[in-house]
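Just so it is clear, none of the values below were taken in a lab; they were calculated from the coordinates. Bear in mind that the values here come from a model prediction, so they are computed numbers and not experimental data. We place every Cβ from the backbone using ideal geometry, glycine too, and count neighbours over all the protein chains shown.
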Amino acid sequence: MSVDSIVLHVDVDEFVAAVEVLRHPELAGAPVIVGGRGDPTKRGVVATASYEARRYGVHSGMPLRVAARKCAAGVFLPVDREAYEAASEGVMRILGSFADSLEVWGWDEAFLELRGDPEVVARAIQAAVKADIGLSCSVGIGDNKLRAKTASGFAKPAGIYRLTAAEWFGVMGARGTEQLWGVGRKTARRLAEGGITTVRELAAADEQELGTSFGSRTGPRLKALARGEDSSPVDSTPRRAKSSSLELTFDEDVEDTAVIMSEVERMARALADRVDSTDRLVSGVTVKLRFAPFVTRTRSIRLDEPSTDVEKIVVAAAGAVALFEIDRPVRLVGVRTALQ
């Protein structure tokens, strides 16, 4: 990043739920919950929930049945990837018109590097996305990607927040380490076991001791995160997925191996068709089975050589299934192809 440029992190507010409200205006203000096939009596998990639904304790990853108990008034809708992808393309097209560099991180968020008054640009972005797409977004302003990403969390919903080196410890110092981007609950628990609970404490921790506890690369990285340091550039190079996957949660537990194998083959063929339309090759196949009540196992097979041959991919998937001991009912099956 050049000296006279700054980073913005734009995050579209409650993106999937907001797109659904655009399609169904009568749902404005309702607790909208999107996930699975949109039927809370069937197995599936919440993909996203509107702010109204979140007030009831509904969150992403929650089983739909649990969401229905928490939010009896919730409006459940099925996932519609095509609609979300179309809306995302429109948002990213607008963001690209404002940026020197644009790094897309998903349907609903991106980093921008730009010059000029960042708050003026942020307001212009918000106005353009609202006028052209109908969605609101939150914008974080920072002197690097980490601080910009952190700032956008404070900007929600539909606000603008600035966080640079000068403000970092004033804002983040007393907060728990789990509030750092890139620090999960498990890592935060391990830090707490070592007496480190706040961002300021982590920033002041001995780097050698962190390296001993977390590894020579992770330890110093944790300390850098706590200091708000991030030297990674805003990279406009399109992100290439390392894998492609499909999953299916059965409405009822399945014990018939033939049914499981049939679904694995169907997904393997679909993934092979998907990769055949790109310049990528499949180097391996992983099958995931989730046994009742909730134990997940994976098995993998590498192809002799990277390929797009459908039958080779299907055979590899079948070989992965053969590595399981299927001695219990199965509630979920998934297939993932490793891409080159």
Can you tally the net charge around Phe154? Count Lys and Arg as +1, Asp and Glu as -1, for every other residue whose Cβ sits under 12 Å from the Cβ of Phe154. +3
Paramagnetic reach from Thr278 in the stretch 233-253 [backbone N under 18 Å; point 7 Å along Cα→Cβ]: 236-247
Fewest to most neighbouring Cβ within 10 Å: what's the order for Thr177, Thr218? Thr218, Thr177
Alpha-carbon centroids, the stretch 256-276 and the stretch 77-137: separation in whole Å: 35 Å
Estimated vicinal HN-Hα couplings, Hz - the stretch 115-130 in sequence order (Karplus 6.51, -1.76, 1.60; Gly, Pro = x): 10, x, 6, x, 6, 5, 5, 4, 5, 5, 4, 4, 5, 5, 5, 5
Pop out the ³J(HN,Hα) list for the stretch 31-41 in order, Karplus 6.51 cos²θ - 1.76 cosθ + 1.60 with θ = phi - 60°, rounded to Hz; leave Gly and Pro as x. x, 8, 10, 10, x, x, 9, x, 10, x, 7
Name the long-range amide H neighbours of Asp251: under 5 Å, sequence gap of 5 or more, or other chain; modelled H, no Pro or chain starts. none
Computed ³J(HN,Hα) along the stretch 192-207: with the Karplus parameters 6.51/-1.76/1.60, θ = phi - 60°, integer Hz and x for glycine or proline, the list is 5, 4, x, x, 10, 10, 10, 4, 5, 5, 5, 5, 8, 5, 6, 5
If contacts are Cα pairs under 8 angstrom and at least 6 residues apart, what is the relative contact order of the chain in percent? 14 percent
Determine, for each peptide in 64-76, 12-24, the mean count of other beta carbons within 10 angstrom over its residues, then list the peptides with the highest first. 12-24, 64-76
Identify which of Gly90, Gly106, Gly116 has the largest mean-square fluctuation in a Gaussian network model of the chain, with springs joining Cα atoms closer than 10 Å. Gly116
Relative contact order for the stretch 34-165, counting Cα pairs under 8 Å that sit 6 or more residues apart, in percent: 15 percent
Sum of -39500 (n - 2.57) over DSSP H runs of 4+, divided by residues of the chain (222 nm, nearest 500): -11500 deg cm²/dmol
From the list [x] 172; [y] 150; [z] 185, can you say which value of volume of the Cα convex hull per residue in Å³ was derived from the structure given? [x]
So for the chain: antiparallel DSSP bridges make up what percent, rounded to the nearest 5? 85 percent
If each residue's Cβ is checked for other Cβ atoms within 10 Å, how do Ile260, Ile125 rank with the fewest at the top? Ile260, Ile125
Just to be sure I understand: of the beta bridges DSSP finds with both ends in the stretch 44-191, what percent are antiparallel, rounded to 5? 55 percent
The answer for the net charge of residues other than Arg217 whose Cβ lies under 12 angstrom from its Cβ, with Lys and Arg +1 and Asp and Glu -1, is +1
Contact order normalised by length for the stretch 283-335, with contacts defined as Cα pairs under 8 Å and 6 or more residues apart; what percent is it? 49 percent
